[in-house]
1. Sort out which residues of region 198-229 are open to solvent by 100 Å² or more (accessible area, probe 1.4 Å), in contact with a strand residue (DSSP E or B) (Cβ under 8 Å, 6 or more places away or on another chain) and under 22 Å from Ser186 (Cα atoms), and write them in order of number.
2. Of the residues that sit in region 39-61 and are in contact with a strand residue (DSSP E or B) (Cβ under 6 Å, 6 or more places away or on another chain), within 9 Å of the ligand (Cβ to nearest atom) and in contact (Cβ under 8 Å) with a residue 40 or more places away in the chain, which one is most open to solvent (accessible area, probe 1.4 Å)?
3. Do the conditions hold for Ile139, that is, is it part of a loop (DSSP other than H, G, I, E, B) and either assigned by TED's automatic domain parsing to the domain that holds Val53 or open to solvent by 20 Å² or more (accessible area, probe 1.4 Å) (or both)?
4. Does Ile7 count as out of contact with any Ser or Thr (no Cβ under 6 Å at 6 or more places or on another chain) and within 16 Å of the ligand (Cβ to nearest atom)?
5. Please give the helices (runs of 4 or more DSSP H) falling wholly within region 20-123 in which 3 or more residues are closer than 26 Å to Asp245 by Cβ and under 18 Å from the mean Cα position of the chain (by Cα).
6. Can you work out which of the residues in region 160-189 that are within 12 Å of the ligand (Cβ to nearest atom) and assigned to a helix (DSSP H, G or I) is farthest from the chain's Cα centre (by Cα)?
Amino acid sequence: MKVIRTIRELREELASRRALGQGPVGFVPTMGYLHEGHGSLMKRAREQSGTVVLSIFVNPIQFGPGEDFETYPRDEARDLAFAESQGVDIAFLPDVAEMYPQPTKTKVAVSELTSLLCGASRPGHFDGVTTVVNKLFNIVKPDFAFFGMKDAQQVAVIEQMVRDLNMDVRIVPCPIVREGDGLALSSRNVYLKPEEREQALVLSRSLKTASELLGNGSLRTAGDARQLLREIISEAPMADIDYADVLTFPELTVLADDAEITGVDSMVIMALAVRFGKTRLIDNALFQPKEGISHV
Ligand code: AMP
């Protein structure tokens, strides 16, 4: 595995690999502190690419004031060993000065899809994400880019950006990877104190219960689903709900409380963001109303 820190060197390396016919290029953008969720994206990339590029970059412009940019967990040596074990060909680790030699005056912003859920709680976050993903796509020129459904809104936003701007890349959404007890893997899970870690199980538990009840027809409306999610999450005394919502996916249209979920034409997402102390966790489950199939 090659470790590359400059844009120029990465472009040269990719040009020579393409000239040797070592495509297609599969790209996995991350902020590092890698875990098996990231690993699943790298494995998927390995299966369908001649060259797998992983980026590790904690992107300052997607963090708001008072968020955890400075304290975001970092462990480069461990990340590089893990990336190599997943079959990555090139690890791209630019520093902030390499990506933003001057403050950027150009931003890529997707409207509407970014005004709710995490976009409402974290103003400017998605503009930071779409801007850096756009820069990384321009640098790597991937054929495929792999994103986790853990960040389902991010997938919807990036797919919209790619369509709207005719970007020549195929977005590949990958399923959420969980711990054995259901907690969705996240670099931020290391922040959780033992008691918070225990109580954080209410996220996946609420989604699983709601999905089961939707599947067997005993939960019908979006309002009932919201209420059930909130009730189960509130069983954890330390849980502070940011949102627990039910929307269509990927359009992210909020379903009215009296909307019958089984009557919805597109997929339905139950999306959660819950704080435990200083740590904000997100999780979600998709439901396919036509087939009664859920993906938790
Ligand atoms: P991050 O480093 O948190 O920005 O995440 C980088 C990529 O890994 C994003 O596409 C995430 O959606 C994905 N990812 C993070 N956690 C998981 C998980 N538990 N399962 C699947 N993908 C994940």
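1. Hit for region 198-229 is Lys208, nothing else.
2. Of everything passing the filter in region 39-61, Ser40 is most open to solvent (accessible area, probe 1.4 Å).
3. Taking the combined requirement at face value, the residue does not satisfy it.
4. No.
5. Hits in region 20-123: 36-48, 118-121.
6. Among those residues, the one meeting the criterion is Asn189.
The values are calculated or read from the model by the stated rules, or taken from the named source; none is laboratory data. Computed from a predicted structure; not experimentally measured. In this analysis, Cβ positions are derived from the backbone assuming ideal geometry, glycine residues included, and neighbour counts consider all displayed protein chains. Ligands, DNA and RNA are excluded from the accessible area calculation, which covers all protein heavy atoms including side chains. Shrake-Rupley method; radii C 1.70, N 1.55, O 1.52, S 1.80 Å.
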